[in-house]
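Structure record follows, encoded as structure tokens.
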Amino acid sequence: MCGIVGYSGDKMATDIILDSLIRLEYRGYDSVGVAIVNHDIVVYKEKGQVSQLRDLVPSIDGYTGIGHTRWATCGVPSSENAHPFKSMDGRIALVHNGIIENYLDLRKELSAQGYEFSSQTDTEVLVHLVHRYMDGDLHMALRRALQDVRGTYAIAAVEFGSDRIVVARKENPLVIGVGMGENFIASDVTAILEHTSDVIYVMDGETAVISPEEIHLFSPEGQEIKREVNRITWTSEDAKKEGFEHFMLKEIFEQPKTVRDTLVCYLDGLEASDILPPVSPSSVTIVACGTSYHAGMVGKYAIEELANIPVTVELGSEFRYSSGTDNKPLVILITQSGETADTLAACREARRRGCHTLAVTNVLGSTITREADSVIMTKAGPEISVAATKTYTAQLVSLYLIALKLALNRGAIDEMGLRELKAQLRSLPTLIERVLDRADSLQDAVEVMSRAQHAFFIGRNINFPSMLEGALKLKEISYIHAEGYAAGELKHGPLALLDPDTPLVAACLRDHTYEKMISNVTEVAARGSPVLIVASDGDEQVHLLTDHVIFVPRCPPLLSPVPLAVLLQLLAYHVAKAKGMPIDKPRNLAKSVTVE
Ligand code: M6R
């Protein structure tokens, strides 16, 4: 995955492009480049992050340009493989996000025609192809070139002597930012929020030509089309650190607000709302990847408990291998970015099977919002840190709401139950605040975990997925090998790996799983592993088992994954910080994964 930006206007393009690229680094940051249209097309590109390139780029007198931050998929991170790529005559420069599947065939064909390649990338074939078809009109040349291409892309190209940027999109995000006497393009609105809140979404198969005063959008067939301008309510402040050391910490601390915002949107009018299809499904399938998959697992317990409907949870990348369903269930696709390739592929497959698809996403205008039959928007605001935090808890809230609505539709909940659950949901922001208030009490746990190379996380029932998520959070930002298990599974194999250097984190909350959890923990403690118990406030009994206890506020078991998630996010954050890790941009990971 990569990030692309472009600017054409009355200001110097270089700084605008570099600043915007910094906001896209969550999409990839192993190499970076800019192309500015000047008396020539000037290209600067380098291995590394935007800040490194900024030191090298002189002030360039140019008002039109494109930029790219790369996350290597085809060819190692290097300045040669960094974008933009220039045509051999130097008159065209191009950046690309996506994958050209038939690039080896195209490369062979173009080489035979005398085109020389300086990189290992799939993208370089694009610039030569465009050059091959160039007959005075860059837009026509790009459209023609794309007829030869198999794959996915968001592309931006500039040409010498012109203030126009030509773009194309297929299965990779692309927005046009609308300004006064200036226009922008970007992979994501957060990159350009500083300059404009007005955007036009480019849809699959479409192309566009942007200049300082004009925007022309074209259908896949090449007809000019009109599209409404969308006003984004996120502000540029939302995408800044605001004094926090890392975006991840800022985003963890935003959760009382983001959970409240998500609730406010749907809770009051839930009975009359049409967030779900009118049909009452006999089964539900939830599909997602990574953290969103863990949210889906929590959703399974919530829907089964409240609505009494059987739920299957599938990984986005595995859904296509599952057998088709006869009874056409409701398929819920959870993806904060709305761009995860595996989840999008599952959405298409579910629709092909005749299922109703409901997307839960955080990004307005993202691909899933256009492809699913209906959409629930989480209100988490832009999440910049690669590790998902506030989007996860907003997803949990959305799933509780879906469970509640399904229960209402089936008459599985009475008025009193509904009132009680709504009140409990409304108390979630306060519960989260109480977890955040005690962040300092994690010191001892942070010390235990920071010393470890391996760790296990266990829980039962609705907090089994909570512990999978706790382990994922720890491993992705601290690089400690962490595994989550259903507590009952420990004795079926993993117990062999526990030793005095391998801590176990156990969710022993005061619910119906408590006694069994305590038995599982006792087994581990007897083997000398450090045990870190997450216990309900006031449960002093757990001190008999271990010296390492972190308390969470008591709350109804069904909702306990929310405060527990916040606590485990804080734990992972502080362990990673103690180890001096690059928290917001963990190695090898990118924020949204647009390849399958
Ligand atoms: O955008 P999505 O929710 O579809 O992303 C899915 C996963 O890539 C994502 O949740 C990933 O696991 C998180 N960054 C982990 O913190």
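The values are calculated or read from the model by the stated rules, or taken from the named source; none is laboratory data. All values derive from a computational prediction rather than experimental measurement. Using ideal geometry, Cβ is built from the backbone for each residue, glycine included, and neighbour counts are taken over all protein chains shown. These accessible areas exclude ligands, DNA and RNA; they are computed on the full protein's heavy atoms, side chains included. Shrake-Rupley method; radii C 1.70, N 1.55, O 1.52, S 1.80 Å.
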### Task
Taking the residues in the range 275-302 that are more than 18 Å from residue 375 (Cα to Cα) and of a type in the set (Val, Ile, Thr) as candidates, determine which candidate is farthest from the ligand (Cβ to nearest atom).
298
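Of all residues being among the β-branched types (Val, Ile, Thr) and open to solvent by less than 10 Å² (accessible area, probe 1.4 Å) in the range 349-370, which is farthest from the ligand (Cβ to nearest atom)? Just the residue, please. Steps first, answer last, please.
In the first step, residues of the range 349-370 are kept if they are among the β-branched types (Val, Ile, Thr); the result is 357, 360-361, 363, 367-369.
In the following step, the residues that additionally are open to solvent by less than 10 Å² (accessible area, probe 1.4 Å) were identified as 357, 360-361, 367-368.
Working: 357: 14, 360: 9, 361: 8, 367: 11, 368: 8 Å.
Of everything passing the filter in the range 349-370, 357 is farthest from the ligand (Cβ to nearest atom).
Tell me, which helices (runs of 4 or more DSSP H) lie completely within the range 1-116 with 3 or more residues that are within 23 Å of residue 168 (Cβ to Cβ) and open to solvent by 10 Å² or more (accessible area, probe 1.4 Å)? Don't jump to the end; show me each part of the working.
On the way: elements: 13-23, 50-56, 103-112.
In the range 1-116, the matching helices (runs of 4 or more DSSP H) lie at 103-112.
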### Task
Of the conditions (1) in contact (Cβ under 8 Å) with a residue 24 or more places away in the chain; (2) within 15 Å of the ligand (Cβ to nearest atom), residue 588 clears all except one; give me its number.
(1)
### Task
Determine whether residue 514 is over 26 Å from residue 252 (Cβ atoms), modelled with pLDDT of 95 or more and not acidic (Asp, Glu).
yes
### Task
For the range 143-164, name all the residues that are touching a Phe, Trp or Tyr at 6+ places or on another chain (Cβ under 8 Å), open to solvent by less than 10 Å² (accessible area, probe 1.4 Å) and in contact (Cβ under 8 Å) with a residue 40 or more places away in the chain.
151
### Task
Run residue 593 past the list (1) farther than 16 Å from residue 436 by Cα; (2) away from the ligand (no atom under 16 Å from the Cβ); (3) touching a residue at least 12 places away in the same chain (Cβ under 8 Å) and report the number of the one that doesn't hold.
(2)
### Task
Working carefully through the options 150, 107, find the one that is at pLDDT below 95, of a type in the set (Lys, Arg), more than 25 Å from residue 26 (Cα to Cα) and within 33 Å of the chain's Cα centre (by Cα).
150
### Query
What single numbered condition from (1) over 26 Å from residue 347 (Cα atoms); (2) of a type in the set (Gly, Ala, Ser); (3) in contact with an Asp or Glu (Cβ under 9 Å, 6 or more places away or on another chain) fails to hold for residue 288?
(1)
#### Entry: Qualifying residue in the range 543-564 (condition: of a type in the set (D, E, K, R), part of a loop (DSSP other than H, G, I, E, B) and either closer than 30 Å to residue 343 by Cβ or more than 32 Å from the chain's Cα centre (by Cα) (or both))
yes
